[in-house]
Amino acid sequence: MLERIRASLPALSPAERRVAQLVLDDARAFATQPVAALAARAGVSKPTVVRFCRRVGYDGLADFKRKLAGTVNEGVPFVHVAVDDDDKPADLVVKIVDNTVAALLRYRNQAAAHAFERAIAALADAGRQGRRIEFYGVGNSGIVALDAQHKFFRLGVHAAAVSDGHVQVMSATMLQPGDVAVLISNSGRSRDLLDVAEIARRHGATTVLVTASGSPLAATATGERQILLAADHPEDHDRYSPMVSRLLHLVIIDVLATGVALRLGSAALRPLLQEIKKNLRATRYVADDARPEVSSSSTP
């Protein structure tokens, strides 16, 4: 909820922005104080306080304060950080999209460019030299690992995604200097991934860690060949179905894949990608040139 308010600041009037800042500075107090006290503290009128609550998507001050109190006193909901039990589908669209956009913009402003530079360089070198690039993730992060494999193997590199804990250990044991292991974890607390990071390090492989900056997995990034791409967000890592974290991880994979493609060079990649597209087009049930034409003239 606070992330949504922070993201909405540029669209608010100066008076409404003062109310928003009051919420961000002391959310607990805002949830308990009467409207007159809130208006006085923000230096605005009482109707402005109510108008602010409606501008950010709530029915009024009472609705805003009730949900704000739930956020700051009881923690985040189990399913999604932004929604409430009584939200309608239209509310879900606004809240989930706003929450996601706010998290992505926040990450854009905090991402460490030098860490991406190191990761892209290591992955591109592995691709040029025919070394192995392994993507490790379990559960929801395993799906991100599969997406990474799908993006990278089309670049003509040796990429694989592994989500089974035992297979991850065997795979990491076979890594060598020049290989790259990309470990993806929302919580950074998976025992399997912590073991894999240690095994890969012992075998001289480069590890790229996509996880929260304060996690145990992030703490393993202590050497030149351990690269941390921190993905911090307001979502609890114990959430049943992580959403924002998964999207952040997918964006990070997109940045890495794009950077590696640029490093490998379009001259080598373009013919390969064109042939892949040609062969995929041949597998379609309906060819592009067989689609029915739409007449521009109207018929009765």
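Tabulated values for the structure
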| item | result |
| --- | --- |
| Condition met for LYS95 (out of contact with any Pro (no Cβ under 9 Å at 6 or more places or on another chain) and either crowded, with 17+ Cβ neighbours inside 10 Å or of a type in the set (S, T, N, Q) (or both)) | yes |
| Test result for LEU183, in contact with a strand residue (DSSP E or B) (Cβ under 9 Å, 6 or more places away or on another chain), closer than 15 Å to VAL138 by Cβ and surrounded by 19 or more Cβ atoms within 10 Å (Cβ to Cβ) | yes |
| Unmet requirement for HIS237, which otherwise passes all of (1) modelled with pLDDT of 90 or more; (2) in a loop (DSSP other than H, G, I, E, B); (3) surrounded by fewer than 19 Cβ atoms within 10 Å (Cβ to Cβ) | (1) |
| Test result for LEU24, within 29 Å of VAL244 (Cβ to Cβ) and in contact with a Leu (Cβ under 8 Å, 6 or more places away or on another chain) | yes |
| Identity of the residue in the range 150-172, of a type outside the set (Gly, Ala, Ser) and crowded, with 20+ Cβ neighbours inside 10 Å, that ends up nearest to the chain's Cα centre (by Cα) | PHE152 |
| Residues located in the range 1-47, provided they are exposed (fewer than 15 other Cβ atoms within 10 Å of the Cβ) and assigned to a loop (DSSP other than H, G, I, E, B) | SER13, ASP26, PRO34, GLY43, SER45 |
| Matching option when the condition is within 30 Å of GLY204 (Cβ to Cβ) and either without any contact (Cβ under 8 Å) to a residue 12 or more places away in the chain or not assigned by TED's automatic domain parsing to the domain that holds LYS65 (or both), among ALA126, ALA102 | ALA126 |
| Subset tally (residues that are under 15 Å from the mean Cα position of the chain (by Cα) and closer than 24 Å to VAL208 by Cβ) for the range 101-115 | 10 |
| Filter result for ALA257 (under 16 Å from the mean Cα position of the chain (by Cα), part of a helix (DSSP H, G or I), small (Gly, Ala, Ser) and modelled with pLDDT of 75 or more) | yes |
| Residue list for the range 4-59, restricted to those being in contact with a Ser or Thr (Cβ under 9 Å, 6 or more places away or on another chain) and among the acidic types (Asp, Glu) | GLU16 |
| Whichever residue in the range 268-288 is of a type in the set (A, V, I, L, M) and over 31 Å from the mean Cα position of the chain (by Cα) and, among such residues, is modelled with the lowest pLDDT | ALA287 |
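The values are calculated or read from the model by the stated rules, or taken from the named source; none is laboratory data. On a predicted model such as this, the values are computed, not experimentally measured, just so you know. Note: ideal-geometry Cβ built from the backbone for every residue, glycine included; neighbour counts use all protein chains shown.
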